[in-house]
Amino acid sequence: MYALRNISRLSKSAAAIKTAPKAFNAAFLKAPQYKQQTATAPSQQLCQQKYTTPQQTPQQIRFAPTALQSGMLTRQHPPAVELWTGTLSQQTIPVSGYASDAKSSGQIRSVIGAVVDVQFDQGKLPSILNALEVKNLDRRLVLEVAQHLGENTVRTIAMDGTEGLVRGQPVEDTGAPITIPVGPECLGRIINVIGEPIDERGPINAKQTAPIHCEAPEFVDQSVVPEVLVTGIKVVDLLAPYARGGKIGLFGGAGVGKTVFIQELINNIAKHHGGYSVFAGVGERTREGNDLYHEMMETGVIKLDGESKAALVFGQMNEPPGARARVALTGLTIAEYFRDQEGQDVLLFIDNIF
């Protein structure tokens, strides 16, 4: 089963689809069109985000403490995919609840699979959702804080394998959530949950970065004006038109054409509407991601030596549970940048969400 999620700032439903396993979810993000206001409410200020250069530490923090539960968005159990549509501001607005800019260091106390407990000095405990980086390791390993244990220990989830970790190994708090590169440099590239390229085409020299967590907008800040998304597929536009801001489910067995239909949607958005597509593979087969990448190159959606119209983000079934839980937010962050900063229409696919 696949589910297609079509979300825009102009038109969005407050309810979310409750989908079964093997769901395909996509969001259609449209550029903001808000009326100018003389003052910004505190709830809107908290939702504002500052995109930063790779050398800067992001001061705007993004949260995603929601879960898809009983067919609606709740704020009880992370993680979940949630669309943020608050207005952007170049002014830095401090967000309470996060560690200070000064980085603190801790030591690993226990490792149980993907769960790593880290001890810090008194008064230097990192906040929930902060990203920690393990030192003295031959690769980059990011841990995300999931729970506080007492006054000086945090329980974290690893975004990669924990092989080689030992007790007492130093860990550094970044003071912010997982931060990834965003911008046109991500088009045509394949990245993982922490923003590292995995397509063997060198580093991504992005000029801006953004954290993957953000607080959801207030419902009163969203518009519910209905608007049809023209897909260019006649049978869909006639019998089951897609609404911008709605959620669309695609149900079907294996080999009936779901992937072909998705590729047609991506092709139409890229060529006829001038928009971008972001594909997030969550817990699916690695082979399917490889096939999709080569098919996009054959159809011209991805061009190795030219302008591409799609970005791919993967955390497949061979990845640890932490990566699979957060990779959807990584794809959403990239899509939000194109919508908010460049005013582009973005078709976001998440395969799968359940």
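Filtering region 171-185 to residues that are assigned to a loop (DSSP other than H, G, I, E, B) and among the β-branched types (Val, Ile, Thr) leaves Thr174, Ile178. Being part of a loop (DSSP other than H, G, I, E, B) and surrounded by 16 or more Cβ atoms within 10 Å (Cβ to Cβ) holds for only one residue in Gly202, Gly188, and it is Gly188.
Condition first: within 16 Å of Gln122 (Cβ to Cβ) and outside any loop (DSSP other than H, G, I, E, B). Now tell me which residues in region 147-170 satisfy that. It would help to see each step written out before you state the result.
Pass one, region 147-170, residues within 16 Å of Gln122 (Cβ to Cβ): 148-154.
Within region 147-170, His148, Leu149, Thr153, Val154 meet the criteria.
Working carefully through the options Ile194, Ile233, Ile248, Ile157, find the one that is touching a residue at least 24 places away in the same chain (Cβ under 8 Å) and surrounded by fewer than 17 Cβ atoms within 10 Å (Cβ to Cβ). Give the steps one after another, and end with the answer.
Details: Ile194 fails: surrounded by fewer than 17 Cβ atoms within 10 Å (Cβ to Cβ); Ile248 fails: surrounded by fewer than 17 Cβ atoms within 10 Å (Cβ to Cβ); Ile157 fails: surrounded by fewer than 17 Cβ atoms within 10 Å (Cβ to Cβ).
Only one candidate qualifies: Ile233.
If I filter region 238-261 for residues that are of a type outside the set (A, V, I, L, M) and modelled with pLDDT of 90 or more, do I get at least one hit? Within region 238-261, one or more residues are of a type outside the set (A, V, I, L, M) and modelled with pLDDT of 90 or more.
When we screen Asn152, Asn130 for residues that are in contact with a Pro (Cβ under 7 Å, 6 or more places away or on another chain) and among the polar types (S, T, N, Q), the only hit is Asn130. Apart from one condition, His272 fits all of (1) surrounded by 13 or more Cβ atoms within 10 Å (Cβ to Cβ); (2) at pLDDT below 80; the exception is (1). Of all residues in region 245-288, those that are of a type in the set (Val, Ile, Thr) and within 18 Å of Arg339 (Cα to Cα) total 3.
The values are calculated or read from the model by the stated rules, or taken from the named source; none is laboratory data. Here the structure is a predicted model, which is why all the values come from computation and not from measurement. Methodologically, a virtual Cβ is constructed for each residue, glycine included, from the backbone with ideal geometry; neighbour enumeration extends over all protein chains shown.
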